[in-house]
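These notes are about the structure you will find just below.
All of the numbers you see were taken from the coordinates with simple rules; none came from a lab. Bear in mind the structure is a predicted one, so any value in this text is a computation, not a measurement. Heads up, the Cβs are rebuilt from the backbone with ideal geometry, glycines too, and the neighbour counts pull from every protein chain shown.
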Amino acid sequence: MKIWDVTVVGEIYIDHVMSGFETWPKPGEEVASDHYMREIGGGCAITACGLSRLGKSVNLVGVIGNEDAPWLERRLADFGVTDQALRRVSGPTGVTLSVSTREDRSFFTHIGVNHRLSNELLAPETLVTLTRARHVHFAMPLPRALAAMILPALTEAGCTSSLDVGYQPAWLTDETNYATCQTVDYLLPNEQEAALLSGGETPADFFAFARKLRMRSGILKLGARGAMSDVDGVTIAVSPPKVVAIDSTGSGDAFDAGFIDALLEGANEEERLRRACICGALSTRVPGALGGLPNREELWSIYEKTYGS
């Protein structure tokens, strides 16, 4: 029996976002800014919140620290994300410090209790939880052994699956993970990640690699240039709506939410990419990864303005 539309799996972080710095300090120097916010982060949380904003029932699987649990649970509740599958343990939740000037941005990350996530996914009850969703999205570099155990079980249970590894060079250049790329229903890399995976430099190189590997899908996120996909040798290219981008943090994860939302509604490939591009673009309008996520009404309003009814 399916309980949720989507279960999202991955590492959860508390993001401390500091922006507006005029210059990057030299060693021993200090610079100051009035722009600071704390937000729940990690690709899985962003995608989960994006899907919930679009009206999907969403369950989140991850590991968080006991001390931070009350705040994290309240923040997820603000978006309507179910947190009953979160594992609460002793130790610090993962933390990311994002520091940006007008020209550049850098991240400092402490992984915290996220190192326990793989063990959590090995638990039999976790696999049962995953199979109770129509779709399971992994926002993490899924270890090959786990993928070999989980992905076939999801297919057997009638669940579709997607994977956004993120910028993980060790995973993307390890040929043992090709089998995971072949098994998952939808792999969702950006241009840089696709280049590492395929060893090529262009979208055509990646799509040729995907066909050679007989991947179930060929999808490529191109940031401000939109997205492309390759279906049976036919390339589809979609441009995003025009927005004034303030902060691109999490835009790829918002793209994933729009894509999965459209997939679950039976949309064709071009519409999936269009709706994904809208969600990715709108997420960049404000600082932080969650404040710009669109609801359903806004998604369709922008869709009609950008692509027609």
- Query: Longest span of the chain, sites excluded, free of GluC sites (Glu not before Pro) in DSSP loop with at most 10 other C-beta atoms within 10 Å?
  - Reply: 104-309
- For Asp15, distant residues with modelled amide H under 5 Å away: Glu39, Ile40, Gly41, Thr96
- Message: Tell me whether segment 265-309 comes out rounded, prolate or oblate; compute the Cα gyration tensor, take square roots of the eigenvalues as a ≥ b ≥ c, and use a/c under 1.5 as the rounded threshold.
- Response: prolate
- Note on the structure: Sequence order, segment 176-181: Karplus ³J(HN,Hα) from phi using 6.51 cos²θ - 1.76 cosθ + 1.60, θ = phi - 60°, Hz rounded, Gly and Pro as x, gives 5, 7, 4, 4, 5, 4
- Query: When only C-alpha pairs under 8 Å and at least 6 residues apart count, what is the relative contact order of the chain, in percent?
  - Reply: 16
- Residues whose modelled amide H sits under 5 Å from the amide H of Ile246, counting only those 5 or more places away in sequence or on another chain, are Arg285, Val286
- Message: What does the net charge come to around Thr306 if you take all other residues with beta carbon closer than 9 Å to its beta carbon, with K and R at +1 and D and E at -1?
- Response: +2
- Task: Find the lysine pairs in the chain meeting two conditions, Cα atoms under 25 Å apart and a separation of 8 or more places or different chains, and report how many there are.
- Result: 7
- Task: Would you work out the relative contact order for segment 1-136, in percent, from Cα pairs under 8 angstrom that are 6 or more residues apart?
- Result: 33
- Would you mind listing how long the chain runs along its three principal axes, going by Cα atoms, in whole Å with the largest first? 54, 43, 40
- Item | Relative contact order (percent, whole number), segment 206-298, Cα cutoff 8 Å, 6+ residue spacing | 25
- Rotationally averaged projected area of segment 153-309 (alpha carbon convex hull; nm²): 9.5
- Query: How large is ³J(HN,Hα), in whole Hz, for each residue of segment 291-299 in order, when computed from phi with the Karplus curve 6.51 cos²θ - 1.76 cosθ + 1.60 and θ = phi - 60°, using x for Gly and Pro?
  - Reply: x, x, 4, x, 8, 5, 4, 5, 4
- Out of residues 5 or more away from Gly20 or on other chains, whose amide H comes under 5 Å of its own, with H placed 1.01 Å from N in the peptide plane? Ser100
- Item | Centre separation in Å (Cα based) which lies between segment 181-230 and segment 233-279 | 15
- Message: Using the Karplus curve 6.51 cos²θ - 1.76 cosθ + 1.60 with θ = phi - 60°, what ³J(HN,Hα) values do you get for each residue of segment 10-18, in whole Hz, with x for Gly and Pro?
- Response: x, 7, 10, 10, 9, 8, 10, 9, 10
- So what is the calculated 222 nm ellipticity per residue for the chain, using -39500 (n - 2.57) for each DSSP H run with n of 4 or more, over all residues, to the nearest 500 deg cm²/dmol? -11000 deg cm²/dmol
